[in-house]
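K.L.:
Sharing a structure here in C-alpha cells format.
The values are calculated or read from the model by the stated rules, or taken from the named source; none is laboratory data. Quick caveat, the model's predicted, so the values are computed rather than measured. All Cβ positions, glycine included, derive from the backbone under ideal geometry; neighbour counts span all protein chains shown.
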Amino acid sequence: MTCTLGEVKNRADFIVYWGGNPAECHPRHFTKYALMPKSQFLPRGRKDRTMVLVDIRETKSVKASDVFLQVRPGKDFELITVLRAMIKDQPISEAQIAETGLSVEQLQDFVARMKAARFGVFFFGMGLSMTRGKHMNSAALLTLAAEMNAFTKFVAMPMRGHGNVTGADVIMRWQTGYPFGISFNRGYPRYNPGEFSTVDVLVRGDTDCAFIIGADPGATMPKPAIEHLKRVPTIVLDPHVTHTSKMARVHITTAPAGISAPGTAYRMDEIPLPLRPALESPYPSDEEVVRRIKETILKKPDWMGERPQMLTTQV
Amino acid sequence: MRPRGCVPRGWQSENLKGPDRMLRITGGTVYDPANGINGEVRDLDVEDGKFVSSVTGGRTIDATGLVIFPEGVDVHTHVAGGSINFARAMTPEDHRRTQAFIRSQTRRSGLGGMAPTTFATGYLYAGMGFTTVNEAAVPVLSAPHTHEEIADIPIVDKSCLVLMANNEIMLDLLEAGEYERAKRMVAWHVWAAKAYGVKAVNPGGVAAWKWGKDAKQRSEPVEGYKNTTPGSIAASLAKIIDELGLPHPIHLHCNNLGAPGNVSTTLETMKHLEGHRAHLAHLQYHACGGDDWHAMKFEAAQLAEYFNAHPNMTTDAGAVLFGDTVTITADGPWQHLLYKLTGRKWGNLDVENETGCGIVPSSYRPSNLVNAVQWATGLELLLLIDDAWRVFLSTDHPNGACFWRYPEIIQLLMCADYRKECMAQLPPEIKNRITLPEIDRECMSFENCPVEMERIERAEIQQCIAA
Amino acid sequence: MDLKVIDNATCTFCGCVCDDIQLHADENRIHQAKKACVLGKAWFLNHTAERKYPDALIDGKEATLDEAIEAAAEHLYQADMPLVYGMSNTTCEAQRECVEMADHLGALLDSHTSL
C-alpha cells in the first residue's frame, strides 16, 4: 500500500515516521510533502495533522513530533506484531508489551489515534529496514498498514535515500523483473539477494572484475569486500576521485547528474522528474561513457555461442 | 528517444531508401476479412509500407506453409507503467518459474509470466502476430514513467490512455458546471500524458477510495460532492471526447466491477452514453446478475442483446482463463475487497489527483463457481455479439489471464467440441447460470473474422507471419 | 556580475528529489540554491565546472577518455563474472545503459539497495 507524496500532502492527517530521522536526512520532507503544507483537504496544514515518531533514540526529528515512541533497540518487529494484535482486539500479555520498551497506555493511545485517522501513513527508514529483522520488519509494517485498511485509509512507504537509487530499482524491475541482486550469467535474469548481492559476492570473492558507477563502496563496504575489490580489476565512473577510484585500475571522471549532466531521476515515490543542469561540465555524462563502453564490448565477438532463444523452464 | 537494443523495425521504417523500401512475401495462405480474402495462397508485394500490385527488387520472404493475417491490436492491456511495475516487484516467485528469453547480439533478455518484463512483452506479442498494444491506464503524473517503459517494449507499436474520471480538478469543474474549462482540461491532459485517448475507471469511485470508500450507485453523488454522480461524469467525458474529436472514444471501466448485480449498473451506464461513441472495457467483469455471491449468475446474453442494437459502442471481452495471474486495476476499492476475499498479497498505489491502483495476485479455478461463471461469460460475450468488428479479444492483461494465452481463447472460440471438453470441468451448480452450453457457434477464421477480431485500425496487412 | 538563473531545478541528493530549486550560477559554479535544504545547498554549491581531476586514470596514471573506455571494455569483456554495481548517484538514462551492458556481459547487477 503506497501512494505518491502529493497524496500525503493533500490528505494525510496522521503521519508516522518509523526508524528515520527526516529532520536531518530528508530535511524538506516535513515542509514540502508531509507535515507542514496547507492543502486541499488539510487547509490548516500542520494543525490538521498528527505526527508520531517511532525510533530507538531521541533525534532532532523528535521536536517536530506530537508523540514520540522510544522503542527498545531491535524490538521493532515485536512492536509491530503487538500493534497488529491490538488493532484486532487480540489478547496481549504485559510481558509482550514490556518487551517493546513502551507502556500499555502509550500503545493504546497509538492504536486509538491510528483508527481515528482519516488517512494514515507510515514512512519507514533505515532504522527499521536495516536493523535486526531487516526486510522482515518492513514486511511486518506493510502488513500492519494493509490491515489498518479494515478501519480507515492507511498507506506505507519507505524513505528512500541517496539520489536516484529508486530509479535503479524501477528500471531493473521493468527490464529484468527484479529490483536488485541480479545475475545474467545464464543469459537471462535471476534473482537471489544473499547470493548475487554485492557485499556477499565480494566477501566470497565471486567476481573477477567490478564496474562501479555512482557509488563509493570503498567508503561504505565492510573490509573483506574492499580487500577483494583491490584484488580484481575495478572500473569506476565518478565526478570525483574517490576512495574507490584510488584502488581502481580504470577511473573515468564524469559530469555530476543534475549539476552538469541532464537526465531523469525518480523520487522516492517512483515519480520520474527531469533534471535541469546549471553548469557545463568539461567531462562527459555517465550515460555517454557507459554507452561507449557497452558499444565497444558489443563490437567484440559474442562469447555466448549457440543458445536457444527461449527456455520454457528455467534451469 | 535513443535506439534500444532491440530488433530493428526493418522495412517499416520511413527512412529506408532504394530496394529496402520493397518487400515481397511469397507462397503464404492469406486471410484478410476486410478485403474478402479467405485463405488464398498468393504473393504479396509491399512498397513503402503499402500493398502494391508488384515490386521489383527488394527483399523476398518465403512464407510457404505459413498463414498471413492482419495484425492483432490489443486495445486494453497493462504492459507499462507504475502499476504493472509494482506487480513485477510483487511476484518474484512467478518470474522464477516462468519462461525466460535469452539475450543475443540483437535481443535483450527477459522473463515472461504473469507480469512480463518489457522486452519479453514485445517478443511475446510479436510472436502471436500482434503489432499494436494499448496500455489502458496512465495517471498523468507518472506518464513519463509509462513512456520510458513503452520505449523498452520492442517490435510492436504502443499507445496509451490517460486516466480522467476521478481527477479532482475535473470533478470540481464539473461540479461547478464549468463544462468548457473541463473540456480544455481533458485536452491538456491528453497532450501532457502523450496519450491516444481517455480512460475512465470507476468514475467517482476511485476518488472516494482515497477516503477508503467506493461509489456504488450511479445516481448518488460522489463522496465529497453534491451534484456530481458517476453517471454524470461518464456522460460529460463521453461528450467532451466526441467534441474534441479524439480518434478513440471514451474508454470506460464501469462502476461496481465484479460485484453481483452490477449488470444493471452497466446497462444504465450504456443508456447514459446513448448519442455518444463509447468503448466499454472488459465487459465480462460488468455482466453479473443476482443479488449476492451465492445467487450470482452472469447476464452476458442481456448485455450482448443491448450491445448488438447500439452501434455507438465497442467493447472488449475481458475474458478469463483458468490459472494463476496477478490482477491490477485502477479500481482500488475492488482490489481491497479481493484482498479480503483471498487473503493474498495486496499492493495499492495511489497517485495524487487522479488514480488509485490495486494489485492482488489471484488464481482462477474451474472448481470455483464464480470463476467458472466468469470464464463462461467472457466466451459468451465474444460469441454472442454479432458484429465482430465492434468486439475485441482481450483478457484485460494481466487481470483475466496473461496476454500470451490469447491462442487458448481463440481455440475455445473456434472449436465447440473443445469448449464442451473444458465445460466438463465446471461445477454442476453452474447450470442455469450461463448460456455457453447452448451456443454452438464456431468462429471460423473467416466468419465475421472473430479469430482476428481485434479491429484492424490500419487496413493494411503487416508483416506478421504466424505459423 | 550577472548570474544565470535556473528555475525548477532538481536536487538529487536525497530521495525527496525536490524539483523546485532556483539556482543562480555563473560559468563555473552555483552561487545560490534557493529553496534547497542544508544538504541540497551543500550538494549544489560544492560542485564546480572546473577541470579539477584528470579525464581518466589507468592504473593510477593519467589517460585519455578513449583509452580508458577501451581499457574498461577489455577488462569487462575478459572477465568470467563481472559485477556492475552502484547506480545511485546517476541518471536513469545511465542506469538503462548499465542494465543493458550487464545483460550483454552476463554480469552480476546490483544497486545500493542491497547494502
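K.L.:
For residues in the stretch C:71-115 being over 18 Å from the mean Cα position of the chain (by Cα) and hydroxyl-bearing (Ser, Thr, Tyr), which is nearest to the other protein chains (Cβ to nearest Cβ)?
P.N.:
C:114
K.L.:
How many residues does the stretch A:180-189 contain that are surrounded by 22 or more Cβ atoms within 10 Å (Cβ to Cβ), of a type outside the set (Val, Ile, Thr) and either assigned to a strand (DSSP E or B) or facing chain C (nearest Cβ under 7 Å) (or both)?
P.N.:
Qualifying residue count, the stretch A:180-189: 4.
K.L.:
Can you name the residue in the stretch A:138-159 that is among the aliphatic types (A, V, I, L, M) and part of a helix (DSSP H, G or I) and, of all such residues, is surrounded by the fewest Cβ atoms within 10 Å (Cβ to Cβ)?
P.N.:
A:139
Let's see how each residue does on (1) without any contact (Cβ under 8 Å) to a residue 40 or more places away in the chain; (2) in contact with a strand residue (DSSP E or B) (Cβ under 6 Å, 6 or more places away or on another chain); (3) closer than 30 Å to residue B:140 by Cα:
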| site | (1), (2), (3) |
| --- | --- |
| B:304 | no, no, no |
| B:313 | no, yes, yes |
| B:322 | no, yes, no |
| B:333 | no, no, yes |
| B:341 | yes, no, no |
| B:347 | no, yes, yes |
| B:352 | no, no, yes |
| B:371 | no, yes, no |
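K.L.:
Follow-up question, since we're still on this one. Within the stretch B:264-298, how many residues are modelled with pLDDT of 85 or more, under 20 Å from residue B:382 (Cβ atoms) and among the hydrophobic types (A, V, I, L, M, F, W, C)?
P.N.:
6
K.L.:
Tell me whether the stretch B:332-342 contains one or more residues that are over 18 Å from the mean Cα position of the chain (by Cα), of a type in the set (D, E, K, R) and within 14 Å of chain A (Cβ to nearest Cβ).
P.N.:
yes
K.L.:
Based on this model, can you work out whether residue C:32 counts as more than 7 Å from every other protein chain (Cβ to nearest Cβ), under 21 Å from residue A:274 (Cα atoms) and in contact with an Asp or Glu (Cβ under 8 Å, 6 or more places away or on another chain)?
P.N.:
Answer is no for this residue.
K.L.:
So, in the stretch B:122-152, of the ones that are outside any helix (DSSP H, G or I) and within 12 Å of chain A (Cβ to nearest Cβ), which residue ends up farthest from residue B:329 (Cα to Cα)?
P.N.:
Top of the filtered list is B:152.
K.L.:
Follow-up question, since we're still on this one. If residue A:163 satisfies every condition in (1) small (Gly, Ala, Ser); (2) at the interface with chain C (Cβ under 8 Å from one of its Cβ atoms); (3) surrounded by fewer than 22 Cβ atoms within 10 Å (Cβ to Cβ) but one, which is the exception?
P.N.:
With respect to (1) small (Gly, Ala, Ser); (2) at the interface with chain C (Cβ under 8 Å from one of its Cβ atoms); (3) surrounded by fewer than 22 Cβ atoms within 10 Å (Cβ to Cβ), residue A:163 is out only on (3).
K.L.:
Quickly run through the stretch A:98-137 and pick out the residues that are farther than 28 Å from residue B:349 by Cβ and either touching a residue at least 40 places away in the same chain (Cβ under 8 Å) or not in a helix (DSSP H, G or I) (or both).
P.N.:
A:100, A:101, A:102, A:103, A:109, A:132
K.L.:
Could you list all residues from the stretch B:158-191 that are within 28 Å of residue B:130 (Cβ to Cβ) and in contact with a strand residue (DSSP E or B) (Cβ under 9 Å, 6 or more places away or on another chain)?
P.N.:
B:158, B:159, B:160, B:161, B:162, B:163, B:164, B:165, B:189, B:190
K.L.:
Here is a check on your reading of the model: is residue A:283 under 30 Å from residue C:31 (Cβ atoms), within 23 Å of the chain's Cα centre (by Cα) and aromatic (Phe, Trp, Tyr)?
P.N.:
no
Each row is one residue, and each column tells you yes or no for (1) aromatic (Phe, Trp, Tyr); (2) at pLDDT 85 or above; (3) assigned to a helix (DSSP H, G or I); (4) assigned by TED's automatic domain parsing to the domain that holds residue B:273.
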position	(1), (2), (3), (4)
B:327	no, no, no, yes
B:335	no, no, yes, yes
B:340	no, no, yes, yes
B:344	no, no, no, yes
B:349	no, no, no, yes
B:353	no, no, no, yes
B:358	no, no, no, yes
B:375	yes, yes, yes, yes
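K.L.:
Quick one: in the stretch B:245-263, which of the residues that are surrounded by 24 or more Cβ atoms within 10 Å (Cβ to Cβ) and not hydrophobic (A, V, I, L, M, F, W, C) is modelled with the lowest pLDDT?
P.N.:
Per the criteria, the residue is B:256.
K.L.:
Determine which single condition residue B:75 fails, assuming it passes every other condition in (1) part of a loop (DSSP other than H, G, I, E, B); (2) surrounded by 13 or more Cβ atoms within 10 Å (Cβ to Cβ).
P.N.:
Answer for residue B:75: the failing condition is (1).
K.L.:
Take the stretch A:240-254 and flag every residue that is buried (at least 23 other Cβ atoms within 10 Å of the Cβ) and either on the phi > 0 side of the Ramachandran plot or not hydroxyl-bearing (Ser, Thr, Tyr) (or both).
P.N.:
Once the filter is applied, which keeps residues that are buried (at least 23 other Cβ atoms within 10 Å of the Cβ) and either on the phi > 0 side of the Ramachandran plot or not hydroxyl-bearing (Ser, Thr, Tyr) (or both), the stretch A:240-254 yields A:248, A:250, A:251, A:252.
K.L.:
Say whether the condition of being touching a Leu at 6+ places or on another chain (Cβ under 6 Å), surrounded by 19 or more Cβ atoms within 10 Å (Cβ to Cβ) and farther than 22 Å from residue B:314 by Cβ is met by at least one residue in the stretch B:377-390.
P.N.:
So far as the stretch B:377-390 goes, no, none of its residues is touching a Leu at 6+ places or on another chain (Cβ under 6 Å), surrounded by 19 or more Cβ atoms within 10 Å (Cβ to Cβ) and farther than 22 Å from residue B:314 by Cβ.
K.L.:
Within the stretch B:105-155, track down each residue that is touching a residue at least 24 places away in the same chain (Cβ under 8 Å), farther than 29 Å from residue B:68 by Cα and either aliphatic (A, V, I, L, M) or out of contact with any helix residue (DSSP H, G or I) (no Cβ under 9 Å at 6 or more places or on another chain) (or both).
P.N.:
The answer is B:137, B:138, B:140, B:141, B:143, B:147.
K.L.:
Does residue C:59 satisfy the criteria of being out of contact with any helix residue (DSSP H, G or I) (no Cβ under 8 Å at 6 or more places or on another chain), over 16 Å from residue A:298 (Cα atoms) and either at the interface with chain A (Cβ under 7 Å from one of its Cβ atoms) or at pLDDT 95 or above (or both)?
P.N.:
yes
K.L.:
Conditions first: (1) under 18 Å from residue B:126 (Cβ atoms); (2) at pLDDT 85 or above. Residue B:71 passes all but one, so which condition is the exception?
P.N.:
Looking at each condition in turn, residue B:71 falls short on (2).
K.L.:
Kindly provide the set of residues from the stretch A:190-204 that are more than 9 Å from chain C (Cβ to nearest Cβ) and outside any loop (DSSP other than H, G, I, E, B), ordered by number.
P.N.:
Once the filter is applied, which keeps residues that are more than 9 Å from chain C (Cβ to nearest Cβ) and outside any loop (DSSP other than H, G, I, E, B), the stretch A:190-204 yields A:190, A:191, A:203, A:204.
K.L.:
Among the listed residues B:84, B:102, which satisfies the condition of being modelled with pLDDT of 85 or more and surrounded by fewer than 20 Cβ atoms within 10 Å (Cβ to Cβ)?
P.N.:
On inspection, the qualifying residue turns out to be B:102.
K.L.:
Can you name every residue in the stretch A:205-238 that is more than 7 Å from chain C (Cβ to nearest Cβ), within 21 Å of residue C:63 (Cα to Cα) and either among the hydroxyl-bearing types (Ser, Thr, Tyr) or under 26 Å from the mean Cα position of the chain (by Cα) (or both)?
P.N.:
A:234, A:236, A:237, A:238
The rows are residues; the columns are (1) closer than 26 Å to residue A:27 by Cα; (2) free of Cβ contacts under 8 Å to residues at least 12 places away in the same chain; (3) surrounded by 24 or more Cβ atoms within 10 Å (Cβ to Cβ).
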| site | (1), (2), (3) |
| --- | --- |
| C:27 | no, no, no |
| C:30 | yes, no, yes |
| C:60 | no, yes, no |
| C:100 | no, yes, no |
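K.L.:
Continuing with the same structure: Restricting attention to the stretch A:283-306, and to residues there that are exposed (fewer than 15 other Cβ atoms within 10 Å of the Cβ) and not aliphatic (A, V, I, L, M), which single residue is nearest to residue C:79 (Cα to Cα)?
P.N.:
A:303
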